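Scroll down for the structure; my scribbles are underneath it.
The values are calculated or read from the model by the stated rules, or taken from the named source; none is laboratory data. On a predicted model such as this, the values are computed, not experimentally measured, just so you know. Note that we place each Cβ from the backbone using ideal geometry, even for glycine, and neighbour counts take in every protein chain shown.
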Amino acid sequence: MDVLVTYDIDTTTLEGERRLTRVARICEGFGVRAQFSVFECRLGPVALARLIACLEDEIDAAADSVNIYHFAGTIRDARLSLGQQKSHELGEPWIF
């Protein structure tokens, strides 16, 4: 299934800045960065549960927020992009 992960981590403290880095690394392990705090992910049910568990373990629930949006179809079908386009498509290999 395709999901969109967005987050807002409180970075008013040094620990918050560290959490932001760790949350970004977690998301990078599961998907593709679409914008600074937005990741597009194609996950099975087990990977989604693992992502949620990793994020729950990392965030400060009193100060941070994470939203995970499930798409009935694919993100590509749901996406309308304006302005500068990203040079990737979710689920396709990247060539470096």
Problem set entry | In the range 57-69, residue farthest from Glu15 (Cα to Cα) [restricted to those that are touching a strand residue (DSSP E or B) at 6+ places or on another chain (Cβ under 9 Å) and not charged (D, E, K, R)] | Tyr69
Exercise. For Glu56, are the conditions met, namely being surrounded by fewer than 19 Cβ atoms within 10 Å (Cβ to Cβ), more than 24 Å from Gly83 (Cα to Cα) and acidic (Asp, Glu)?
Worked result: yes
Seminar exercise, completed: Being at pLDDT below 95 and in a helix (DSSP H, G or I) narrows Asp57, Asp77 down to just Asp77
For this session: Looking only at the range 3-28, count how many residues are in contact (Cβ under 8 Å) with a residue 12 or more places away in the chain and part of a loop (DSSP other than H, G, I, E, B).
Result: 2
For this session: Look through the range 35-46, keep the residues that are surrounded by 15 or more Cβ atoms within 10 Å (Cβ to Cβ) and either of a type in the set (D, E, K, R) or more than 8 Å from the chain's Cα centre (by Cα) (or both), and return whichever of them is nearest to Thr6 (Cα to Cα).
Result: Glu40
Exercise. For Ala34, all conditions in the list (1) aliphatic (A, V, I, L, M); (2) assigned to a loop (DSSP other than H, G, I, E, B); (3) modelled with pLDDT under 95 hold save one; what is the number of the exception?
Worked result: (2)
For this session: Could you please give the count of residues in the range 26-56 that are polar (S, T, N, Q), closer than 16 Å to Arg79 by Cα and touching a strand residue (DSSP E or B) at 6+ places or on another chain (Cβ under 7 Å)?
Result: 0
